[in-house]
Amino acid sequence: MFHRRHFLGIEGLTKDELLFLLSTAESFREISEREVKKVPTLRGKTIINLFYEPSTRTRTSFEIAAKRLSADAINITAAASSVAKGETLLDTARNLVAMRPAALVVRHPCSGAPHLLARLVDCPVINAGDGMHEHPTQALLDMMTIRAYKGEIAGLTVAIVGDLLHSRVARSNVLALTTLGAQVRLVGPPTLLPPEFRLWGVEVCTDLRRGLAGVDVVMALRLQRERQARNFLPSIEEYARHFCITPDALAAAKDDVLIMHPGPMNRGVEIDSQVADGPYSVILEQVTNGVAVRMALLYLLATQEREATEEQAEVGLHAPRRHAGALA
Amino acid sequence: MKIVIYGGTVIDPANDLAAPRDVLIEDGVIRAVVPPQSGLATGDMRIDASGLIVAPGLIDMHVHLREPGYEYKETVLTGTQAAVAGGFTAVACMANTNPVNDNGAVTRYIRERAQAANLARVFPIGALSKGLRGEELAEIGEMVSEGIVAVSDDGCPVMDTHLMRRALEYCSMFHLPISVHEEDSYLAAGGVMNEGPTALRLGLKGIPNAAEEVMVARDIALARLTGGRLHIAHVSTKEAVALIRQAKAEGLPVTAEVTPHHFTLTESAVEGYNTNAKMAPPLRSLADVEAVKEGLRDGTIDVIATDHAPHHRDEKEVEFDQAAHGVVGLETALPLALRLVHEGVLSLPDMLRTLTVNPARILGLPYGTLSPGAPADIVIFDPHRRWTVEARNLRSKSKNTPFDGWDLTGKVLWTLVQGRVVYAEEEADRRR
């Protein structure tokens, strides 16, 4: 079961909680295969997507997830909001929460921003990616995708390749994979692969071919082009020469290796087009599963909110809201 | 005006005195420190210090009073109210005000504000470089005339090695120490906490120990080259402690301080993105905490200083990356230092030495002692009284403490400056 008010990260989740979230997500997948892709579960509820970073995939995925559950989805992006007028994150969030959404989905360039809101704002918060910290819905959709192809995650060997230092996707995936019993190998140049990752119970490796030997799953990470300017790398081309996932580099991986990428891809930088578009690529499957994962989370957190409000009403808090409810 | 403090235990590290003594103060000056029942004439005021420690007023050689320019965080008045409540009778305030204290006019302004507040003594520290920009020397001689006691670009590490060399040379003319914030700006760029497993897990950019180590090593080399007086502010790493120990063994004119938060807390205080655990230098690992304690124990670190850094709530209730650096410290320093005594790191006299005579000597001040003839700057505290820190009750205008809710032992009951009671606990409680 899952009884948390917020969904801030994979860190701290038990194996049972993860498995429950995955099976809930799997049960939601079927809705997106229907002719009419809509259920009334969250009718009358509002989901706010508060995005302080550009995002196509994740924001759209949350929006579609909310709409398929019949919730009203509102998207706010940093450029369009009062951030430009100097309002703080906390003030923006408090104002939005004053309009009574059922959940706040937050994407922010600063690690811990959703945690700040969870602590100080009265609304369930879902982390849609915070700085270099976590991207927990991405990890769930990745786990769901692996399970669809490999059955159990326990016992698999998974390589995550690229800019580990700056990657929230990598952090969330390492936590999810190790909690579910997979072996994890992190592969990248030493400038982007802090050795402290060993404390997480994973292998670290700076040689791509050795890193991919015998693996069941390869996750490529997006390489941000600004890393070159900060001297993490001499050039993007040199990175590609050492770490681009090519058919050749995959020679030592298992024959049925799954190829994953959280997107958006830099073709020819971290992943070769032949691999990205090849028979073992499940990159678009990941995107499909993302909707189901986000439907599951919105369902679990937004319905939990209703119960919390009723409890508060019983002890006399939020009396005006109870009155409004009576009128309806 | 005669005051008699009787029945207490006097600890005066400058005179290696730790014994039951009565103290006679006359016209703001210590007249006599004598064994009990020595028949001190009845004073105009008598303070019963039974069961209490009577010590020289504490001296904090590293605070930020924020005036002029940032009065919404702290003023000289509120900062010295916090100081005397914490047992401090003298503070040296850093130059990162607005305008920067890089000229005599600002120095004079701060001293005038301190006279108006009339609580703790305030000794401005002048900027090393104009505007703290690290490019040209500030008007150091002019500020000396107005009463600065040290020079520092605190908060803005001096990356220009040549400028640092010239500053050490120039200040030697005035026998002024240079207090240095040792953090290589290139290595520390963008960092918001200690580099290590915790930063990696929280997804926060780390500052490696080496950022401090390389600067301490550089400045020790410059102290050797110039003979200038180098004071290493807020030491946070085991590597810096080792370098300072070596420099002292060599006989170089190097001194050092540590803050209560750096000897009390580790980087784990940042968990949950607690912005009241964000400061520069950052809280470090347990091994570093152990090393700075060892540095205090063996005398490598001379001084406990708070780096009292008030910030408004609005500057802390934000994303961790964007939160201001620093914590307030004046009102929790003594009980946190007493923890070192309870842990056996320092004896009570040695702990008080780091808060009295040692900073006084580094800054060239005639305070920090109860020698007859010295100004009667005194703190009287109960070393056993337990109390709970409540941030909202701090006298500082800002409440950014990582110790909110902590149970601490040791409470200041009286603070006297020049023989005048500037803080009395009961009275303070009545007003509340």
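Throughout, read-outs are computed from the coordinates displayed, never taken from laboratory work. These figures come from a predicted structure and were not determined experimentally. As a convention, Cβ positions derive from the backbone with ideal geometry for all residues, glycine included, and neighbour counts pool all protein chains shown.
Quick look at the values:
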quantity: Span from the segment B:255-331 Cα centroid across to the segment B:1-46 one, whole angstrom; calculated: 36 Å
quantity: Formal net charge of residues neighbouring B:Tyr70 (Cβ-Cβ distance under 15 Å; K, R +1; D, E -1); calculated: 0
quantity: For A:Ser111, net neighbour charge (Lys/Arg +1, Asp/Glu -1) across residues whose Cβ lies under 13 Å away; calculated: -1
quantity: Residue-averaged 222 nm ellipticity for the protein assembly as shown, from DSSP H runs of 4+ at -39500 (n - 2.57), nearest 500; calculated: -10000 deg cm²/dmol
quantity: Among the listed pairs B:Lys130/B:Lys399; B:Lys248/B:Lys293; A:Lys37/A:Lys254; B:Lys130/B:Lys248; B:Lys130/B:Lys238; B:Lys205/B:Lys238, those beyond 26 Å (Cα-Cα); calculated: B:Lys130/B:Lys399; A:Lys37/A:Lys254; B:Lys130/B:Lys248; B:Lys130/B:Lys238
quantity: Global form of segment B:57-363, assessed from the alpha-carbon gyration tensor, a/c cut-off 1.5; calculated: rounded
quantity: Extension reserve of the A:Ser32-A:Thr56 stretch, reckoned as 0.36 nm per residue once the Cα distance is removed; calculated: 6.7 nm
quantity: Chain B - percent relative contact order, Cα under 8 Å, separation 6 or more; calculated: 19 percent
quantity: Averaged over B:317-326, number of beta-carbon atoms from partner chains that fall within 10 Å; calculated: 5
quantity: Cβ-defined net charge surrounding B:His312, 11 Å radius [Lys, Arg +1; Asp, Glu -1]; calculated: +1
quantity: Simple label model, 7 Å out from Cα along Cβ direction - A:Ala154 to B:Asp27, nm; calculated: 8.7 nm
quantity: Those lysines that a straight Cα-Cα span of less than 18 Å connects to A:Lys38, excepting residues fewer than 8 apart in one chain; calculated: A:Lys67
quantity: Relative contact order (%) - segment B:275-359, alpha-carbon pairs under 8 angstrom, separation at least six; calculated: 37 percent
